[in-house]
Amino acid sequence: MPDFWFFLEVLVGGLLSGTMYALVALGFVLIYKASSVFNFAQGAMVFFAVLSFVGFMELGLPFWAALPVTVGLMILVGMGTERFVLRPLVNQSEDTLLMATIGLAFVIEGVAQLAWGVDVRRLDLGIRDEPINWVMDKTGMLVSQLDVTAAAVAGIMVAALALLFSHTKVGRGLRAVADDHAAALSIGIPLKHIWMLVWATAGVVALVAGMLWGARSGVQFALVWVALKALPVLIIGGFTSVPGVILAGLIVGAVEKIGEVFIGPFFGGGIEGWAPYMLAVLFLLIRPEGLFGEKIIRRV
Amino acid sequence: MLTDRMLRRVVPAISAAATFIAIAAASTAAMAQEAQEQYFGIPSSRVGPYSAMGTGYYGGIIDYLNYVNMKGGVNGVKLTYDECETEYNAARTVECYQRLLNKGDQKMVVFDTLGTPGAYAVIGRMAQDHVVLAQYGYGRTDAADGRVWPWVFNAAGHYWGQIAVKMNYIAEKEGGVDKMKGKTIVHLHIDTAYGREPLPAMRQIAKDWDFKLIEIAVPAPGLEQQSQWLQIRKEKADWVTFWGAGSGMNSTAITTAARVGFPREKMFYVTFGGAEEDMIPAGDAAKGTYVAANAAPGKDYPLIADIIKVVYGAGKGNMQNPDRVGTVYYNRGVGAAAMWIEALKNAQQIHNKVGKTVNGDEFRDGYEALDVTDEKLKEIGILGMSAPFKMSCAKHDGSERFKVMQWDGKKFQILTDWVPAPDPAFIRKLIEDSAAKFAAENNITPRKCS
Amino acid sequence: MLYREAGQFRTSYAQDSQIFPLRQDRVGIIIMLIAAVMLPFVANSYWLSAILIPWLVLSLVALGQNILMGYAGQLSLGSAGFMAVGAFACYNLILRIDGIPFVVAVGLSGVCAALVGIVFGLPSLRIRGLYLAVATLASQFFIVWALDKFGWFKNYDPAGVITAQPIVMFGHNFATPREKYWVVLAIVAVLALLAKNMARGSIGRGWMAVRDMDVAAEVMGFSLLRTKLQAFAISSFYCGVGGALFAFAYLQTVEPSAFGIDLSFRILFMVIIGGLGTIMGSFLGAGFILLMPIFLNIFFHTVFGKSVDATITSALEQVIFGVMIIMFLIFEPLGLARLWQLTKERLRLWPFKH
């Protein structure tokens, strides 16, 4: 197969993977945008969400019943986190909150294994992880159906959330809270409700991301580490930008795959692990807040 | 009233104090120990990314120990054990090793880390502490040279033997070694030492048989193997030997292979990458994958069936999910434990301690004296599940034979009997060279074996 | 009553700027050091090799992390990477330079780690806060990948996991846990003293100025380039020495996977729970994080024994560990060092209330 088509194939594959990373990163952005907390437990939440979903199905619930039940569970998790972890720590430094979310990650991982056991499970979403035939026939390129579906889902979620933030009353409230808690309180925005809403939404996003990743790679503990893949996306896109997440995801995915296939062999391969991070560092050197992040203004 | 301020002081103070008390108690308490109980220390990994593996393997070991106890122990000596969670982490394994080492006035006699990182972390201590490192299909390959490593064994066949067996099988499937000329074999592996283990042997075989060997690495956790498989497709590989770790990587390889249209019937998994836990998440895509086995799965081996009847019948089974009895890792654990008990019996015999507990040196002699024939396997009840082998002073590895099995969508179909490595002398030479190099670098004088 | 400064007068600048101005403190420290040296005679091998040695080594690394995060305010998640550099550098130095004393090798490996630290600390000149933390992850992943990938670091060992050489100094092989403990104790004590002095001196004040408000510090004349890179260098030096000791005195193997991101997180925990910006906090935090999982494991095995499935107890341990961390952060965000400080202040007044 001529090299140009191969390059295109790798590129398209990378772009599609990138949207999967963006889905995970979306959860981070939501929480950071609304409460300035970097939720390191997002990876654990992705794992817990999809594990519970599969668990409920195993207990007998059909697909369409398990879905709202799991959503409800994630909302409870979000509310619990806000009430028991964040509220007591409300005025602490960024580092403390980060540590608290790492502690939270341990708790969620442990509870997930306690509640549902450590067996590895399958998730069948009904979308086959196989090449789309007409693309294959026309160009010889391989584009997976699951990947395209995931990209579409990611795109829809990002669009919906961006609209939520910019055009609805709730969204404006979220942005106000992110800007200044005290001021938002003083004009009557219900802080607790807003935070619960944000964490609940992040939980739902985690579930969707978990379902797509689980369908691809099996539902097991290793899913916790997809969060590590999402961090460079966050940096490049900016911690506070919802549309930035998609663009950054595309960039990270493309660079990662093209780098691994074309540059990796010179080093013996395996550069996928750190290449996105190096790219993120380079980006930061040029734009310290990421592509679309809010410019950090410091008063001396 | 418990005020916030009091909690502030009390909570951390109590936890600190309690910690010290617990450690002191654990390490100095002389726990009530009957003289007729043989103690085993078990470093299990029940949480974390390798939990599926750990719960199966150590569950099998514990079930077998309980089974032996229920059948009257080893010549009347009952077996006890303590577990310690390592999370499959080298540092935790070292800590567990230290903690499990002594119980009362007895020392543990054998240690099994289920994994290469843990094995390497403790391997240097075995000679000093007089504990046997019973690797079972993993670990330091050149420890098969018993002259340099008197305290380390590998009863289930190591990686160099395994890759030779696999290459032989592939050659057979292609129609003969001469048909291998010009073919392309990809070794897809996790980007760690474990993944690169078979490469020296593979490169030599590639040279001898004149096929093209491409090495492609997958960085952990390997949940995303798009780029690697697109490369494999571009290179038009004929076969892929897969050396992964963790069910995430293992099942993702299958689903990605399906996505790029690479036939699963041309994929050959390693013993530590091919178990039910790795195949099931990949669903239908896994059908046709070949896996090498050093312990065959199945519930109808007499021992396994008996364990289900006796141990699970009494409600003392260790597996939370009893369906996992008879899976690959479970049977491997049972096989490993069976070797411990045979070694124990040998030790009691050799040192005239029938009916009494043995120490590390005696156990070591017992392990080295293992001569597991087909009759012995039949007696234990695992004929066909484990391969027969004989240890000796210089040869500390097992039979170097593997079965080839294939996943049919629901379970593994065992396709062959015990296939030996085609050129054991060549592999033995590699091992002895490596062991000699290690001995020279570390000023170890290899012992003499008659 | 006992812990009072009444009657202790300082008559020179030297006396005024001592680390331990109170006589009671000085006496206490000397007693503690003597106890530490005498400890191997009473402690058994498990305590020495599995608790005390890793505690000392990890305290050293936590010290390094504290210098970077606590004093200089640079959020970093790459400490395990620098440990790996130290460990491999030590291995290679001992391998390639015949007869090099262990202490010298350790010192030089610290220097290697410091050089690497400077390189990866360069982004800190432009990036701050959480972004810097994620950027340091880049150094973590890259370093571990590079050390694993290029066989030269491992002397082309076919096994890939190298056994650390024995600790040899002045012709003597420090092989027993007791001797290893003394070597580690000596190195850690000296370096901790150095760190304390650095923190109290102008170097430390420079770091703290940069931490609190780097723009203002620059205006006052601190070269941000020098201060930040110096913090990275010294912090990486400590992490590198700690890494070498970790590999040689504790694990006895040198392998990249032992220095993964989970170790970086553990060190981060140690620093935060111990107390950011304190020397004592590094030791206390390291003790807590090291002992808590062990305590939980022992506790559950003693209480539940065989009656509860071990998988459940292992998962419970994880949950409780996370809960304890969160509770700690809620109830005492300034860490164990703050508790220690409060205790000392109460002691100064005791038996009076105020």
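The values are calculated or read from the model by the stated rules, or taken from the named source; none is laboratory data. The shown structure was predicted, so the numbers you read here are calculated from the model rather than taken from an experiment. Note: ideal-geometry Cβ built from the backbone for every residue, glycine included; neighbour counts use all protein chains shown.
For region B:423-439, the criterion of a residue being under 30 Å from B:Arg324 (Cα atoms), outside any loop (DSSP other than H, G, I, E, B) and out of contact with any Lys or Arg (no Cβ under 8 Å at 6 or more places or on another chain) is satisfied by no position.
Set side by side, the residues C:Ala105, C:Ala84, C:Ala89 differ, and just one is touching a Ser or Thr at 6+ places or on another chain (Cβ under 7 Å) and in contact (Cβ under 8 Å) with a residue 12 or more places away in the chain, which is C:Ala89.
Condition check ((1) free of Cβ contacts under 8 Å to residues at least 60 places away in the same chain; (2) under 13 Å from C:Pro256 (Cα atoms); (3) in contact with a helix residue (DSSP H, G or I) (Cβ under 8 Å, 6 or more places away or on another chain)) across all residues:
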| position | (1), (2), (3) |
| --- | --- |
| C:Ile127 | yes, no, yes |
| C:Tyr131 | yes, no, yes |
| C:Gln140 | no, yes, yes |
| C:Val144 | no, yes, yes |
| C:Asp148 | no, yes, yes |
| C:Val168 | no, no, yes |
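Within region B:281-312, the set of residues being without any contact (Cβ under 8 Å) to a residue 40 or more places away in the chain, hydrophobic (A, V, I, L, M, F, W, C) and buried (at least 20 other Cβ atoms within 10 Å of the Cβ) comprises B:Ala282, B:Ala285. Out of region B:202-214, which residues are among the hydrophobic types (A, V, I, L, M, F, W, C) and either within 24 Å of A:Pro131 (Cα to Cα) or in a loop (DSSP other than H, G, I, E, B) (or both)? Hit for region B:202-214 is B:Phe211, nothing else. When region C:133-191 is filtered for residues that are within 25 Å of C:Ile30 (Cα to Cα), of a type in the set (A, V, I, L, M) and surrounded by fewer than 19 Cβ atoms within 10 Å (Cβ to Cβ), the ones remaining, listed by number, are C:Leu185, C:Ala186, C:Ala189, C:Val190. On the given criteria, is C:Phe269 within 13 Å of chain A (Cβ to nearest Cβ), within 13 Å of C:Leu63 (Cα to Cα) and aromatic (Phe, Trp, Tyr)? Judged against the criteria, C:Phe269 is a match. Contact map, region B:115-138: residues that are more than 11 Å from chain C (Cβ to nearest Cβ) paired with residues that are part of a helix (DSSP H, G or I) and polar (S, T, N, Q), Cβ distance under 9 Å, separation 6+ or inter-chain. Pairs shown: B:Gln135/B:Thr116; B:Gly137/B:Gln162; B:Tyr138/B:Thr116. Being within 14 Å of chain A (Cβ to nearest Cβ), farther than 20 Å from C:Ala50 by Cβ and touching a residue at least 40 places away in the same chain (Cβ under 8 Å) is the filter; apply it to region C:275-326 and report the residue that is nearest to the chain's Cα centre (by Cα). So the residue we want is C:Gly281. On inspection, B:Gly137 qualifies as assigned to a loop (DSSP other than H, G, I, E, B), crowded, with 23+ Cβ neighbours inside 10 Å and of a type outside the set (S, T, N, Q).
Residues are listed down the side, and each one gets a yes or a no for (1) facing chain A (nearest Cβ under 7 Å); (2) at pLDDT below 85; (3) assigned to a helix (DSSP H, G or I):
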position	(1), (2), (3)
B:Ile216	yes, no, no
B:Ala220	no, yes, no
B:Leu230	yes, no, yes
B:Lys236	no, no, no
B:Phe242	no, no, no
B:Ala245	no, yes, no
B:Arg259	yes, yes, yes
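Considering only residues in region A:85-117 that are closer than 27 Å to A:Phe53 by Cα and of a type in the set (S, T, N, Q), the one that is surrounded by the fewest Cβ atoms within 10 Å (Cβ to Cβ) turns out to be A:Thr101.
Of the residues A:Thr240, A:Thr201, which is assigned to a loop (DSSP other than H, G, I, E, B) and either of a type in the set (Ser, Thr, Tyr) or within 23 Å of B:Thr252 (Cα to Cα) (or both)?
Details: A:Thr201 fails: assigned to a loop (DSSP other than H, G, I, E, B).
On inspection, the qualifying residue turns out to be A:Thr240.
Inside region B:41-78, residues that are of a type in the set (Lys, Arg) and at pLDDT below 90 make up a count of 1. Restricting C:Phe82, C:Phe120, C:Phe88 to those that are among the hydrophobic types (A, V, I, L, M, F, W, C) and over 29 Å from C:Leu224 (Cα atoms) reduces the list to C:Phe88.
Restricting A:Leu51, A:Leu26 to residues that are under 22 Å from A:Met196 (Cβ atoms) and not basic (Lys, Arg) narrows the list to A:Leu26. Can you tell me which residue is surrounded by the most Cβ atoms within 10 Å (Cβ to Cβ) among those in region C:327-354 that are assigned to a loop (DSSP other than H, G, I, E, B) and without any contact (Cβ under 8 Å) to a residue 12 or more places away in the chain? Selected residue: C:Pro333.
Of note, B:Asp284 does not satisfy the criterion of being within 14 Å of another protein chain (Cβ to nearest Cβ), within 19 Å of B:Tyr138 (Cα to Cα) and part of a helix (DSSP H, G or I).
Counting only helices (runs of 4 or more DSSP H) that fall entirely inside region C:1-118 and contain at least 3 residues that are surrounded by 24 or more Cβ atoms within 10 Å (Cβ to Cβ), the qualifying elements are C:53-66, C:79-96. Residues in region A:133-168 that are within 12 Å of chain B (Cβ to nearest Cβ), surrounded by 15 or more Cβ atoms within 10 Å (Cβ to Cβ) and free of Cβ contacts under 8 Å to residues at least 60 places away in the same chain: A:Gln145 alone.
From B:Val74, B:Val94, grab the single residue that is buried (at least 22 other Cβ atoms within 10 Å of the Cβ), within 13 Å of chain C (Cβ to nearest Cβ) and more than 14 Å from B:Tyr330 (Cβ to Cβ).
After ruling out the rest, the residue left standing is B:Val94.
Across region A:272-300, the qualifying residues are those that are within 7 Å of another protein chain (Cβ to nearest Cβ) and over 17 Å from C:Ala133 (Cβ atoms), and the one among them that is surrounded by the most Cβ atoms within 10 Å (Cβ to Cβ) is A:Glu272.
State all residues of region A:64-94 that are among the small types (Gly, Ala, Ser) and free of Cβ contacts under 8 Å to residues at least 12 places away in the same chain; if no residue qualifies, say none.
First pass over region A:64-94, keeping only residues among the small types (Gly, Ala, Ser): A:65-66, A:72, A:78, A:80, A:93.
Answer for region A:64-94, where residues must be among the small types (Gly, Ala, Ser) and free of Cβ contacts under 8 Å to residues at least 12 places away in the same chain: A:Ala65, A:Gly72, A:Gly80, A:Ser93.
Criterion applied to C:Leu52, C:Leu108, C:Leu95 was being more than 28 Å from C:Ile272 (Cβ to Cβ) and modelled with pLDDT of 90 or more, and the one residue passing it is C:Leu108.
Only one residue in A:Glu94, A:Glu58 is in contact with a strand residue (DSSP E or B) (Cβ under 8 Å, 6 or more places away or on another chain) and either more than 14 Å from chain C (Cβ to nearest Cβ) or on the phi < 0 side of the Ramachandran plot (or both), so which one is that?
Numbers: A:Glu94 fails: in contact with a strand residue (DSSP E or B) (Cβ under 8 Å, 6 or more places away or on another chain).
The unique qualifying residue is A:Glu58.
Please work out which residue is nearest to A:Ala22 (Cα to Cα), limiting yourself to region A:243-280 and to residues that are of a type in the set (Phe, Trp, Tyr) and part of a helix (DSSP H, G or I). Spell out the reasoning first.
In the first step, residues of region A:243-280 are kept if they are of a type in the set (Phe, Trp, Tyr); the result is A:262, A:266-267, A:274, A:277.
If we keep only those that are part of a helix (DSSP H, G or I) too, we end up with A:262, A:266-267, A:277.
Values: A:Phe262: 23, A:Phe266: 29, A:Phe267: 28, A:Tyr277: 15 Å.
Within region A:243-280, the match that is nearest to A:Ala22 (Cα to Cα) is A:Tyr277.
Each residue in region A:1-43 was checked for being farther than 30 Å from A:Ala176 by Cβ and among the small types (Gly, Ala, Ser), and 4 of them qualify.
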